[in-house]
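Contents: one structure, followed by commentary.
The values are calculated or read from the model by the stated rules, or taken from the named source; none is laboratory data. Being a predicted model, the structure only gives us computed values, none of them experimental. Here the Cβ positions follow ideal geometry from the backbone for every residue, glycine too, while neighbour counts run over all protein chains shown.
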Amino acid sequence: MYYLYILECADNTLYTGITVDLERRIKEHNTSKLGAKYTAARRPVSLVYSKKFRNRSTASKAESQVKGLHREEKLELIKKPVYNYSNILTSKNMAKGKDSRKEKKKPKKDKKK
């Protein structure tokens, strides 16, 4: 069993990762050198979201999708995990592998002659 998790850091930023042992991993983020460099400078961290996956492949895909979300979208996922997971992560942009953080292109203006 794999877990996708989101941590809230002391500076109110969010960190996303995957693990097989959620309790151990959170402890590592808070106390040891085994935690990510990002969280080591932002301790303490607290678990705000987790979701189980059957294998590493699906957990990694979900992690990649969550990392592509805007902060506001991640906060919505945290508030309503079941609803938002199915709607945010399986949106058309995510299904096509597009990064939701990229700005949409503005329509081209017609050139006047």
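Considering region 9-40, and only residues there that are crowded, with 16+ Cβ neighbours inside 10 Å and aliphatic (A, V, I, L, M), the residue that is nearest to I78 (Cα to Cα) turns out to be L14. All told, K27 falls short of being modelled with pLDDT under 95, of a type in the set (K, R) and out of contact with any strand residue (DSSP E or B) (no Cβ under 6 Å at 6 or more places or on another chain). Of all the listed residues (K105, K98), the sole one being surrounded by 10 or more Cβ atoms within 10 Å (Cβ to Cβ), in a loop (DSSP other than H, G, I, E, B), basic (K, R) and at pLDDT below 95 is K98.
Checking each residue in region 1-35 for being among the aliphatic types (A, V, I, L, M) and either over 15 Å from the mean Cα position of the chain (by Cα) or more than 22 Å from R56 (Cβ to Cβ) (or both) picks out M1, A10, V20, L22, I26, L34.
I need the full set of residues from region 41-59 which are farther than 15 Å from K74 by Cβ and either surrounded by 17 or more Cβ atoms within 10 Å (Cβ to Cβ) or touching a residue at least 12 places away in the same chain (Cβ under 8 Å) (or both), in order please. Matches in region 41-59: R42, R43, P44, K52, F53, R54, N55, R56, T58, A59.
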